[in-house]
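Working notes, structure below.
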Amino acid sequence: MSPAGAARALAFVAVGAVVGAADIGAADVATTPIDGPSTITRLATATNGQAVFGLDGTDGAVHMVDPFTPGRARQVVTAPGPGVPRPVAIAVIDSSVIAAVCREGDGWQLRTWRLAPDQPAAADRPLQSLSLGVATGGADLEVDVAVGRGRDWIAVSGLPSPLAPVLRAPLAGVRVGPLTSRSCPVIAGGVRPIAVAVGPRDELVLVERDTASGVVVSYHDHTGRCVLRLPTGLAGLHDISFAPEGTALWVAGNDAAGDAGLWRLHATLRNGRQEIRPELVLGRSAFRALAAPTERVVVLSRGVGGEASAGSVERLDLPADETRDRRTESGLDGGPAGPAAEGGSP
């Protein structure tokens, strides 16, 4: 594979300020507390970044958290009562419809709610409810859900065995079609994804935990074919989020040395081969979730002493010159050509 072809294939990683970017220090990042519950364990944003929503880990309610206007946080879906499936992961279909993977005992469902401006939607009265199957065990924090950039598909990942590791369904407006493993990635060795996101070209992006390589990220086209798979250089991961235009890929996690915080993944070349280089943007412990509503803003949830313990939700404002897209400067022309983009070896 030629270096030029590799550079074009690297566009699938689309991580914004890539080769040659200067490191960001904590002093360059402005941090602002955000109104809302202190027990948020999941965050999600619409693909246009217009709204950010959080899942309360203590009671399963969903809240809108406004990172830009104080005092606008509000509950949008009530906490589920006894016998009602409890959300464990959320995604935004559009600014008025929320989707959540829910479980009640060993039963799993995908539920949606239409949001109203004056009162929260009732957890036991979803707009739509689809069964995902029955399975015991599993780690709730490794189950995830994502909506395509064109809002025409939705994917669920990380469900416990014997359920499929990835399910996908078409979206018609706000209606979810049948969820199936057709056209989904085939993951060998019984590995379960630990996070899912949507790439800049509407690729399904999966994060896996590999025994030998640590945290690995893979990109898949609409047929389920893997077009790129690379180690991230990290040992642990809590959450992943693309900026709205797909020009930055942010990760809350830690490396093998134990350094934890917010990372940005850079695409680079070494000896003519593609690599991901992680950059620690802000060192912080106990990150639980993240969302990137704009190119310069990242919203983070932190907690101490357990997934549903009191913590904080913060807005991070990043320097403009470090978040702009520099693919042209570094030779990444954004084209999908090249062997890796065609399913070849990176």
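At a glance:
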{"item": "Count of residues meeting criterion [part of a strand (DSSP E or B), touching a strand residue (DSSP E or B) at 6+ places or on another chain (Cβ under 8 Å) and either under 26 Å from A91 (Cβ atoms) or without any contact (Cβ under 8 Å) to a residue 24 or more places away in the chain (or both)] in the range 267-292", "result": "10"}
{"item": "Only listed residue being surrounded by 13 or more Cβ atoms within 10 Å (Cβ to Cβ), out of contact with any Leu (no Cβ under 7 Å at 6 or more places or on another chain) and among the basic types (K, R), chosen from R151, R103", "result": "R103"}
{"item": "Number of positions in the range 208-255 that are modelled with pLDDT under 90, more than 17 Å from the chain's Cα centre (by Cα) and in a loop (DSSP other than H, G, I, E, B)", "result": "3"}
{"item": "Residue match in the range 306-314 (condition: hydrophobic (A, V, I, L, M, F, W, C), in a strand (DSSP E or B), closer than 20 Å to H266 by Cβ and at pLDDT 90 or above)", "result": "no"}
{"item": "Subset tally (residues that are among the β-branched types (V, I, T), touching a strand residue (DSSP E or B) at 6+ places or on another chain (Cβ under 8 Å), assigned to a loop (DSSP other than H, G, I, E, B) and under 25 Å from D106 (Cα atoms)) for the range 53-89", "result": "2"}
{"item": "Any pair with Cβ under 7 angstrom, 6 or more apart, that starts in the range 44-73 at a residue that is at positive phi and ends at one that is part of a loop (DSSP other than H, G, I, E, B)", "result": "G49/P244; G49/P293; G49/T294; G60/A79; G60/P80; G71/D35"}
{"item": "Residue tally, condition assigned to a loop (DSSP other than H, G, I, E, B) and not charged (D, E, K, R), over the range 160-186", "result": "16"}
{"item": "Residues satisfying the stated conditions in the range 106-129, i.e. assigned to a loop (DSSP other than H, G, I, E, B) and either surrounded by 18 or more Cβ atoms within 10 Å (Cβ to Cβ) or touching a His at 6+ places or on another chain (Cβ under 6 Å) (or both)", "result": "L115, P120, A123, P126"}
{"item": "Filter pass, R42 being basic (K, R), over 20 Å from I154 (Cα atoms) and either modelled with pLDDT of 90 or more or in a loop (DSSP other than H, G, I, E, B) (or both)", "result": "no"}
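The values are calculated or read from the model by the stated rules, or taken from the named source; none is laboratory data. Fair warning: this is a prediction, and the values are worked out from it, not measured in the lab. Here the Cβ is made from the backbone with ideal geometry for all residues, glycine too, and neighbour counts use every protein chain on show.
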